[in-house]
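Here's the structure we're looking at; comments come further down.
The values are calculated or read from the model by the stated rules, or taken from the named source; none is laboratory data. Treat the numbers as computed from the prediction; the structure is a model and nothing was measured. So basically every Cβ, Gly included, is an ideal-geometry build from the backbone, and we count neighbours across all protein chains shown.
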Amino acid sequence: MSNASNKAIFLDRDGVLNVDLGYTYKPTDLRLVPGMIEGLKELANAGFKLVMITNQSGVARGMFTLENVHEFNDALLRAIQTHIPGFAFDAIMICPHHPKGTIAEFTAECSCRKPGTKLLTDAAIALNIDLSKSWLVGDKDSDVDCALNASMRAIQVTMGGKQYTQSKKAFALVPTLKEAAEIILKN
Ligand SMILES: [Mg+2]
Ligand SMILES: [Zn+2]
């Protein structure tokens, strides 16, 4: 068990867990991506730590507050728990920054906004995660870049609501977390 527990799956939120509507923050806009629940179950059963890792520059842009982000995350967690009783993420990592924000407190060239790696490395230290044995699942090519910047493998998903540039550097390109989990468990 100790071996397995050093491995983590870093999960982008919008477009991987919930459907990305573009700066999604209202709990009433929460839609689960098909296949996501099955993927989470598979990965949790395989002993991976599960860490949500999300850029929320809408906070810096003044479109919503960090409190709104937490409320949405709570709604997402409750929705997952209706399918997987007792489910919890091992950590939820949020970057609220943007270099061109309008809210001074969050306007910054930070190192946590993906493809920066600070959220990954902070979680790795806190949870004793071996990044070289871990994966990131995201829907943007910048998610893939983030993983590579931390010497991790990345899988890009395509059915999360928005179509982003397909990365040539992803380990695999698949529809949803369900197929991503199948690939991870084989590799
Ligand atoms: Mg995303
Ligand atoms: Zn940041």
Selection from region 22-39 of residues that are within 11 Å of ligand 1 (Cβ to nearest atom) and hydrophobic (A, V, I, L, M, F, W, C): VAL33
Residue selected from region 1-21 under the condition among the hydrophobic types (A, V, I, L, M, F, W, C) and not in a loop (DSSP other than H, G, I, E, B), by the criterion nearest to ligand 1 (Cβ to nearest atom): LEU11
Hey, ASN68 out of contact with any Leu (no Cβ under 9 Å at 6 or more places or on another chain), surrounded by fewer than 17 Cβ atoms within 10 Å (Cβ to Cβ), in contact (Cβ under 8 Å) with a residue 40 or more places away in the chain and in a helix (DSSP H, G or I) or not: yes
Enumeration of residues in region 89-141 that are more than 15 Å from ligand 2 (Cβ to nearest atom), hydroxyl-bearing (Ser, Thr, Tyr) and closer than 25 Å to MET159 by Cα: SER134
Qualifying residue in region 97-116 (condition: of a type outside the set (Ser, Thr, Tyr), under 29 Å from ALA46 (Cα atoms) and away from ligand 1 (no atom under 16 Å from the Cβ)): no
Spans of helices (runs of 4 or more DSSP H) in region 98-187 with at least 1 residues within 16 Å of GLY39 (Cβ to Cβ), in contact (Cβ under 8 Å) with a residue 60 or more places away in the chain and not aliphatic (A, V, I, L, M): 141-149, 177-186
Positions within region 117-144 being closer than 23 Å to VAL19 by Cα and crowded, with 20+ Cβ neighbours inside 10 Å, in sequence order: LEU119, LEU120, TRP135, LEU136, VAL137, GLY138, ASP139, LYS140, ASP143, VAL144
Candidate set from region 40-62 (those that are closer than 19 Å to ALA91 by Cα and touching a Ser or Thr at 6+ places or on another chain (Cβ under 7 Å)); member that is farthest from ligand 1 (Cβ to nearest atom): GLY47
Residue in region 113-129 that is hydroxyl-bearing (Ser, Thr, Tyr), modelled with pLDDT of 95 or more and over 23 Å from PHE171 (Cβ atoms) present: no
So SER5, is it surrounded by fewer than 16 Cβ atoms within 10 Å (Cβ to Cβ), in contact with a strand residue (DSSP E or B) (Cβ under 7 Å, 6 or more places away or on another chain) and small (Gly, Ala, Ser): yes
Residues (touching a residue at least 60 places away in the same chain (Cβ under 8 Å) and at positive phi) located in region 28-65: GLY35
Of residues in region 55-86 being touching a helix residue (DSSP H, G or I) at 6+ places or on another chain (Cβ under 8 Å) and β-branched (Val, Ile, Thr), the one farthest from ILE183 (Cα to Cα): VAL59
